[in-house]
Amino acid sequence: MSDGGNRELVLARRINALPAAVYRAWTEPALLTRWFAPLPYTTPHAELDVRPGGSSLVVMRGPDGVDMPNRGVYLEVVPNQRLVFTDAFSSAWEPSAKPFMIVTLTFEAEADGMTRYTARVMHWTAEDCAAHEAMGFHQGWGICADQLEAVAAAL
């Protein structure tokens, strides 16, 4: 956890790709489906309307074949620099049944051509944060960051 007290989890990495490539991997459905879920999970479907107020639907599939749809709305979009989205809304500005988190992603260019990638995940409650950490936040998001890097580096 970080300075967000008991409601924030953070993953920070240096990624061997330019910020524009990392941003593309987060915002183009055909790229996102290649890395978004930690293997052996997959991402068979993604719909992304990447603009403030735009909706997203990302479906993860478990090794058991069960689909887990994740709906959300983009709050802030700064191309190649920053994305902020939440599951507090399921589409447009329609509240979701159970808000869980707000994600802030930053893609900072470094002098050596790499990207400082930071994912800050603020949860609605301390209990939600603890549950996300217990689900394997650091391991799962770390695996995804490695997969993200492989896709972005190839662009």
Tell me whether region 77-87 contains one or more residues that are at pLDDT below 95 and part of a loop (DSSP other than H, G, I, E, B). no
Residues (in a strand (DSSP E or B), under 20 Å from Arg13 (Cβ atoms) and polar (S, T, N, Q)) located in region 90-148: Thr104, Thr106, Thr115, Thr118
Search region 117-144 for residues being surrounded by fewer than 15 Cβ atoms within 10 Å (Cβ to Cβ) and aliphatic (A, V, I, L, M), and hand back the single one that is nearest to Met60 (Cα to Cα). Met135
Only one of these conditions is not met by Ser91: (1) free of Cβ contacts under 8 Å to residues at least 24 places away in the same chain; (2) more than 21 Å from Leu148 (Cβ to Cβ); (3) surrounded by 13 or more Cβ atoms within 10 Å (Cβ to Cβ). Which number is it? (1)
Condition first: open to solvent by 50 Å² or more (accessible area, probe 1.4 Å), modelled with pLDDT of 95 or more and closer than 23 Å to Gly54 by Cα. Now tell me which residues in region 96-116 satisfy that. Ile102
Just wondering, is there one or more residues in region 46-53 that are part of a strand (DSSP E or B), farther than 15 Å from Thr106 by Cβ and of a type in the set (Asp, Glu)? yes
Of the residues Arg14, Arg51, which single one is open to solvent by 20 Å² or more (accessible area, probe 1.4 Å), free of Cβ contacts under 8 Å to residues at least 40 places away in the same chain and touching a strand residue (DSSP E or B) at 6+ places or on another chain (Cβ under 7 Å)? Arg51
In region 145-155, residues that are in contact with a strand residue (DSSP E or B) (Cβ under 8 Å, 6 or more places away or on another chain) and either of a type in the set (Asp, Glu) or open to solvent by 20 Å² or more (accessible area, probe 1.4 Å) (or both) total 2
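The values are calculated or read from the model by the stated rules, or taken from the named source; none is laboratory data. This one's a predicted model, so the numbers in the text were calculated from it and none came from an experiment. A quick note on method: Cβ atoms are made from the backbone with ideal geometry, for glycine too, and the neighbour counts reach across all protein chains shown. To get the accessible areas, we keep the full protein, side chains included, count just its heavy atoms, and leave off ligands, DNA and RNA. Shrake-Rupley method; radii C 1.70, N 1.55, O 1.52, S 1.80 Å.
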